[in-house]
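Here is the structure we will look at, set down as structure tokens.
The values are calculated or read from the model by the stated rules, or taken from the named source; none is laboratory data. Because the structure is predicted, anything quoted here is derived from the model rather than measured. Cβ placement follows ideal geometry from the backbone for every residue including glycine, while neighbour counts extend to all protein chains displayed.
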Amino acid sequence: MKKEFISNDFLLIDDIQFLAKKEKTNEILFTIFNHFLENKKQLVFSSDKVPDQLNGFDNRLITRFNLGLTTQIKPLDLDTALDIVDAEFKTQGLNKEVPEEVKNHCAKFYANDVRKIKGCIRKIVFWISTTEDSVLDIDLLNEIFKDIPVVNLGILNVKKIKEVVSEKYGVALKTLDGKVRTKENVNARHVAMYLTREILGHSLTAIGSEFGGRDHTTVMSGIKKIENSIKAEKSFKNQIEALKNKIMSK
């Protein structure tokens with residue numbers, strides 16, 4: 001397997017954090033990394049945290065991870081989603097002109113990541129190809145996706161989640177990012193972090209940066225507390241579901 005990797009000029013590993021605490025795998029990765037480095041080949045790793053926060057790797061690997069450019073991959077914005085929608089319609093070979101309002105609708109309401117965008121477009125193309133005299137418009141999209149929960153990228157973001165949570169728990173918006181440690185504020189902050197993870201799918205590190213620069217372990221601990229409360233208390237679970245529905249229907 002090591003020879004197969006080394007024979008390539010480019011290596012991309014997604015979610016490298018899952019290779020932590022795997023000694024044999026780390027040894028192989030170390031050898032591969034050195035080979036690529038010495039031969040000026042390209043390495044790209046993705047993770048839910050920055051190199052120095054990756055636990056379970058040898059320090060020699062962490063130092064090598066830090067040799068490269070580290071950058072945050074942010075959630076899709078509306079313009080990027082529109083570009084992907086347009087490209088995917090072309091890739092799928094739809095032999096109908098796609099109205100701009102349909103592209104906008106797909107980008108805003110049926111995706112918060114690339115896989116969901118592609119799934120959305122494929123479903124539309126399949127529907128059109130199997131249904132005679134279909135008119136590709138908003139009414140048709142509403143029919144196709146009537147049973148699928150949607151996320152509106154045009155207005156849904158961390159700020160919106162914070163606003164809904166702060167209103168629900170009666171705390172000032174700025175305290176969700178601050179250091180206030182009252183029970184009400186801490187609980188509201190944890191709920192907002194949990195919903196950011198649940199709805200937007202942000203990494204722990206990204207959530208920490210959105211909530212006053214907290215580290216990923218603090219975020220993970222807060223989210224875990226909410227998850228435990230959801231399992232233990234049906235009324236709290238219903239409360240979180242109601243908040244989630246309110247946010248996603250905004």
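Numerical summary
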{"quantity": "Test: residue in the range 208-223 that is touching a Leu at 6+ places or on another chain (Cβ under 9 Å), surrounded by fewer than 15 Cβ atoms within 10 Å (Cβ to Cβ) and polar (S, T, N, Q)", "calculated": "yes"}
{"quantity": "Given (1) in the same structural domain as SER129 (by TED's automatic domain parsing); (2) touching a residue at least 60 places away in the same chain (Cβ under 8 Å), index of the condition GLY93 fails", "calculated": "(2)"}
{"quantity": "Some residue of the range 16-29 being surrounded by 12 or more Cβ atoms within 10 Å (Cβ to Cβ), not acidic (Asp, Glu) and not in a helix (DSSP H, G or I)", "calculated": "yes"}
{"quantity": "Output for the range 17-57, where each listed residue is touching a Phe, Trp or Tyr at 6+ places or on another chain (Cβ under 6 Å) and of a type in the set (S, T, N, Q)", "calculated": "GLN42"}
{"quantity": "Listing of helices (runs of 4 or more DSSP H) fully contained in the range 67-173 that carry 3 or more residues being modelled with pLDDT of 85 or more and surrounded by 15 or more Cβ atoms within 10 Å (Cβ to Cβ)", "calculated": "78-91, 114-130, 158-169"}
{"quantity": "Residue in the range 67-82 that is closer than 23 Å to ASN157 by Cα, without any contact (Cβ under 8 Å) to a residue 40 or more places away in the chain and of a type in the set (S, T, N, Q) present", "calculated": "yes"}
{"quantity": "Answer residue from the range 39-54, given it is polar (S, T, N, Q) and either surrounded by 14 or more Cβ atoms within 10 Å (Cβ to Cβ) or free of Cβ contacts under 8 Å to residues at least 24 places away in the same chain (or both) and is farthest from LEU204 (Cα to Cα) among those", "calculated": "ASN39"}
{"quantity": "Candidates PHE57, PHE36 - the one that is surrounded by 14 or more Cβ atoms within 10 Å (Cβ to Cβ), under 20 Å from THR217 (Cβ atoms) and at pLDDT 90 or above", "calculated": "PHE57"}
